[in-house]
1. From the helices alone, meaning DSSP H stretches of at least four residues, give me the mean residue ellipticity at 222 nm for the chain, per-run term -39500 (n - 2.57), in deg cm²/dmol to the nearest 500.
2. Spin-label point model (7 Å from Cα, Cβ direction): what's the S15 to Y28 distance in nm?
3. Among bridges DSSP assigns within the chain, what percent are antiparallel (round to 5)?
4. On a full-extension model of 0.36 nm per residue, what is the gain between Y139 and K60, subtracting their alpha-carbon distance, rounded to one decimal in nm?
5. Counting only residues 5 or more places away or on other chains, whose amide H sits under 5 Å from the amide H of S178 once H atoms are built in the peptide plane?
6. Step through the residues of region 165-172 one at a time and calculate ³J(HN,Hα) from phi using the Karplus curve (6.51 cos²θ - 1.76 cosθ + 1.60, θ = phi - 60°), rounding each to whole Hz and writing x for Gly and Pro.
7. Of the listed values (i) 37, 19, 13; (ii) 25, 21, 17; (iii) 50, 21, 15, grab the one calculated as semi-axes √(5λ) of the Cα gyration tensor in Å from the structure here.
8. Which far-off residues, 5 or more places away or on another chain, put their amide H under 5 Å from the one on L169, with H placed in the peptide plane?
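Bear in mind these aren't lab numbers, they're just calculated from the coordinates by the rules spelled out. Everything numeric in this text was worked out from a predicted model, so none of it was measured. Counting neighbours? That spans all protein chains shown, and the Cβs are built from the backbone with ideal geometry, glycine included.
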Amino acid sequence: MNAQELISSKAEPVSPECSSGDALALMYKYSVDHLPVVDKGKYIGLISCNELIDAEDVLKPVGSFEFTTENAYVDSALHIFEVVKLAIELNLTLIPVVMEENEYLGAITLQSLVSNFADIASINDPGGIFTLLMPIRDYSLSEVARIVETNDARILTCYIVTIPDEGMLELTVKVDKSDLTTIISTLERYEYQIKNTFQESVYYDNLKDRFESLMKYLDI
């Protein structure tokens, strides 16, 4: 998914002639702290609410401000991961999207960014999550995938967090199966270290049902 596909229709740019007061009102309307400044279809810069609030004259045009946030835009073909990286690095609430020669296409709101990131990360899909802790040298996603698939499941998404000082990494995997019992058992049989598991409600619900059935049987 690239930046152009993430563009939101909610936030509109302002022209250089727009007053600081009107720009602040738009920021309040769109619940953002930044707005792109566009002149005749060309992206000029990104104005922040902090810059506008410090202005003594609410009629001062935004084009007369010095845009302090440099390189605050992304190319239309940039991948969503790089868009997220820029938003975090510059602490942006809105990311302008441009093409060649600074042609302005639109802007990505944080809401749009988070929503689309959730989709590609399968956050909204049902399933189970587990985290493995292992030496970096032992990492093999193909082996973990094979273990998951032999237990009638498939990997929806995964990510890695490295711990360089310890020569270790954490591999977090989400699968399309809520009951992780057999997967975890197989991983442990292959001597994987399980750090965390999540969404095991199906397993515990089954245990509860069996326990209640046993109690009813004993009452008889």
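1. For the chain, the value works out to -10500 deg cm²/dmol.
2. Result: 2.3 nm between the two label points.
3. 90
4. Result for the pair: 22.7 nm of gain on full extension.
5. Counting only residues 5 or more places away or on other chains, the set is G128.
6. Result, rounded to whole Hz: 4, 9, x, 10, 9, 10, 10, 9.
7. Computed from these coordinates, semi-axes √(5λ) of the Cα gyration tensor in Å corresponds to label (iii).
8. Amide H neighbours of L169, under 5 Å, 5+ apart: M134, I136, I163.
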